[in-house]
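Okay, so here's the structure we're looking at.
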Amino acid sequence: MSRWYAIHTKPRQEETALANLERQGFDCHLPRARERRLLRHRYTLVTLPLFPRYLFARLDLTTQNTAPIRSTQGVVGLVRFGLHLPPLPDGFVDMLLARDPDAAGLALNNPDWRPGERLHIMEGPFAGLEALFAARDGAARVLVLMDLLGQAQRLSLPEHQLRSASA
């Protein structure tokens, strides 16, 4: 019976490992996510591994030889705990495949807020307060304007702590 197992890859070699494992006949999946990144002073949508340094392979340990996996270029080895090779939970990879059938990538929460848009702060020391979106500040941070102590203050906050007031 085949199950999904995690494969640990070398840093930034998930694509290399995937290509080489598939060339050897292994059924593999590399979940990806699209994320907005600042590249050359411009925000660009890039596709990155959803789980950096990991990919998944469907293996039948009773009939398949897994020895070639650890000598595949880009692969460190199968994820194991001592001698135990744990399968992934049933339905986990199938859920990822259902959300990402063409392996093009899941879109991460990168809202397109406009300058001056009102935002709610959901977490952190300013939770419950409102701010105005000013600009992006790196891959996952934004600059907001808040009225603190009677003056507009510019703060850099993690994007995941903010929600649009209109949503």
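Key figures
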item	result
Cα coordinate range in the range 118-164, projected on the principal axes (Å, largest first)	30, 18, 17
Per-selection metrics, the chain (Cα): Rg and Dmax in Å	21.2, 71
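None of the figures in this text is laboratory data; all of them are computed from the coordinates on show. Model, not experiment: these values are computed from the prediction.
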